[in-house]
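Quick notes on the structure that follows.
The values are calculated or read from the model by the stated rules, or taken from the named source; none is laboratory data. None of the values given here were measured: they were computed from a predicted structure. Ideal geometry is used to build each Cβ from the backbone, glycine not excepted, and the neighbour counts take in all protein chains shown. Please note that ligands, DNA and RNA were not included when accessible areas were found on the heavy atoms of the full protein model with its side chains. Shrake-Rupley method; radii C 1.70, N 1.55, O 1.52, S 1.80 Å.
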Amino acid sequence: MIKHMSMAVALICGLHLMAGCSGNSNNSEGSLDEPIPDSTITHGPLEISEGVVNDMIQNISSPVEMANMILGSGVPFSQQMLNSSDNMKNYSTSFKRAINLGAYSADLGYINCYNKNTVVVSYLLAVKELADGINVGQFIDFAHLKSLATNSSNLDSLKQLSVTSFNDMDKYLREQKRANVSTAIVAGAWAEGIYLTCSVVEQMQKNPSADTTKLKELVSRIGEQKDIVNILKIVVHNYSLSDRNFQTLEEKINELQNVYEAVRITTEFAPPEMVEQDGMLVIVQHEISHVEITDEQVAQIIEKIKDLREFIVG
């Protein structure tokens, strides 16, 4: 399983925002839209240490990496798979804005992997509008991002600007005790990324001439998400104690977790190697995941992913 984030306009570096869970959102400013009445709350969300959450992040594959795998599958770009940028105007609550900020970020990763410059601007605009809607838009320089995104030769600069923007946003959210907002963004980005992967797998399964090796790789990656679902469940549950939006999100994740139970994952440690990083030699330990998953299990997982995604973008 890959344990780091890769290229990006995909403001997907929104995954890095999960570090914001180190804050305590048990206050009015950190609340989203449908808080549970105090009389029914046994205790509010607990503070999660930054170290613990950072460890969690290391186990979450970047949706941009997912998009790169999709690109390598040979399946052509399909705008129909994306959450339409026109839907942005329907997201009027803080929770919907935050979780779809993550979803649109994953869509941006997919768009940019295919270098679809004619599509990217509307999604950048959607990201900016949603970020403004949850009071973090000051960290996204839309004009500069637009300029870089429409010129494929500027991808490195675009990546750096995206990383800087989201690091600043992350720091701000932690300072403002709005870790639940970060969690919603992360959940949306992950869900959209795996939804796109599932959509491509379905297309390949129907195509007799599809690359079976690539199909197997994508199916394996879907299976690996069992670990990610378990991680998300832990964090989302913490906020479901006082927020109905997170309660519903947790219910969808629970359903997904149930169908993943039969999937078996074993990890093999490959021999370590010495590599150069930032001018220094370091030892890197590689892990290889082996996933045992049946066609029936894949179909069940895909249906639950679609259900989760519909809750997010609907």
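Observations on the model:
- When each of the peptides 79-91, 217-229 is scored by the mean number of other C-beta atoms lying within 10 Å of its residues, the order from highest to lowest reads 217-229, 79-91.
- Here each label is just a point 7 Å from Cα along the line to Cβ, and for ASN68 and SER289 those points are 1.6 nm apart.
- Accessible surface of LYS214, taken over heavy atoms with a 1.4 Å probe and every protein chain present, rounds to 70 Å².
- Dipole moment magnitude, nearest 20 debye, segment 220-290 about Cα centre, only Lys, Arg, Asp, Glu C-beta charged: 340 debye
- Available extension along the chain between THR213 and THR267 is 17.4 nm, counting 0.36 nm per residue and deducting the alpha carbon span.
- Calculated FRET value between HIS237 and GLU175, using beta carbons and R₀ = 22 Å, to 0.05: 0.35
- Packing-based ranking, highest mean first, of 234-244, 257-267 given that Cβ atoms within 10 Å are counted: 234-244, 257-267
- THR213, THR248, reordered so the largest accessible area comes first (probe 1.4 Å): THR213, THR248
- Per-residue SASA entry for THR183, accessible area with 1.4 Å probe, Å² rounded to 10: 10 Å²
- LEU125 accessible area, assembled protein chains, probe 1.4 Å, Å²: 80 Å²
- Debye-sum result for segment 157-314 in log10 I(q)/I(0), which assumes one identical scatterer on each alpha carbon, at q = 0.14 Å⁻¹: -0.92
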